[in-house]
Amino acid sequence: MIKSAKLTTLAICLSIIPTLAQSEKKTVCPRLLTSSSMIVNIDGKFVNEERNRTSVSIEWRHHNDELDTFFVNLNDSPSFNFITAGKYRYMEFDGGKVKRQLGLHHLRENIGKTPLKLDDLELLANGYFKCPDSTKQDINNNVLATAASNTWWSVVVDSLPNPEKLVMRGVTKKPRYVSLANWKAYDGETLPTIASMSSDDYSGSLWIRSASPKEVIETEPSEKTVKPKILLPVPKLFGKIAVEGERKVPLILKLNQQLLSE
């Protein structure tokens, strides 16, 4: 009898799991900084927790229905690419030769020696926030609870859709204060030009250097560079690789030719 009751309870629990998964999925309300496929170039300078100056340059390639890619260049740490699709993510080092799979707990890691977190990139790419509880009469729309973040639990803004002040709270225990200024239209998308951030241990600023639709960037001739062909076998002239085309004869060979002809 007891065994039968345990089996029944187990069957009920297993049957509820898909329902819970569907309800959890429905509670996610993505809030994206941009809803268009764009390429955004961002620069940042900070004074980190160790009171050292550090900087970062990020090219964010945002896609509506594909992987988001962040090309991260650091002045004092190895540069890398961060690729995320929401459900999975990974990093690339050394031009893609080395790959590192990332779990949710890895999102708490800092980006180099800056105070930025990998989770900041994840939130930018996917905007996973919980939907407000419609059953509550008093709903504070200014408090945005994150749905999949492993670092930040809530983002409190002063107004929507273009806030000027926001406070981020999470596992760091010390809130991050962010000021957004100079909202500007970039081909139909309104983005903040400058974001100043601070906490008890660090401070710094991020600013958008450029933002363009993905289609425009991909059609520019500068993106389609043709690599020079290398001759096989590769000739070497004093340690330099000679490429296909006219090559200058070294001066010492010219002198030798003149002496032999006399």
*Would you please put 170-182, 98-110 in order of how densely packed they are, using the mean number of other Cβ atoms within 10 angstrom per residue and starting with the highest?*
170-182, 98-110
*asked:* I'd like to compare 119-126, 206-213: which one has the highest average count of other Cβ atoms within 10 Å, and what's the full order after that?
replied: 119-126, 206-213
*Filter the GluC sites (Glu not before Pro) in the stretch 25-105 to those in DSSP coil with at most 10 other Cβ atoms within 10 Å of their Cβ, and list the result.*
Glu50
*Of the chymotrypsin sites (Phe, Trp or Tyr not before Pro) in the stretch 25-110, those whose Cβ has at most 12 other Cβ within 10 Å and which sit in DSSP loop*: Tyr88
*Pairs Lys97/Lys130; Lys87/Lys165; Lys174/Lys214; Lys117/Lys214; Lys97/Lys173: which exceed 32 Å Cα-Cα?*
Lys97/Lys130; Lys174/Lys214; Lys97/Lys173
*What does the convex hull of the alpha-carbon atoms of the stretch 145-197 project to on average, in nm²?*
4.2 nm²
*Please sort by residue number the GluC sites (Glu not before Pro) in the stretch 140-216 whose DSSP state is loop and whose Cβ has at most 13 other Cβ atoms within 10 Å.*
Glu164
*Each label point is 7 Å from the Cα along the Cα-to-Cβ direction; what then is the distance between the points at Lys130 and Arg100, in nm?*
3.1 nm
*To the nearest 0.05, how large is the calculated FRET efficiency for Arg209 and Thr172 if R₀ is 25 Å and r is the Cβ-Cβ distance?*
0.35
*Using +1 on the beta carbon of Lys and Arg, -1 on that of Asp and Glu, and nothing else charged, what's the dipole of the stretch 119-164 about the Cα centre, debye to 20?*
200 debye
*Name the residues of the stretch 64-107 whose amide N is less than 17 Å from a point 7 angstrom out from the Cα of Val28 along the C-beta direction?*
64-69, 83-90, 102-107
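Bear in mind these aren't lab numbers, they're just calculated from the coordinates by the rules spelled out. Model, not experiment: these values are computed from the prediction. FYI the Cβ positions are ideal-geometry reconstructions off the backbone, even for glycines, and counts take in every protein chain you see.
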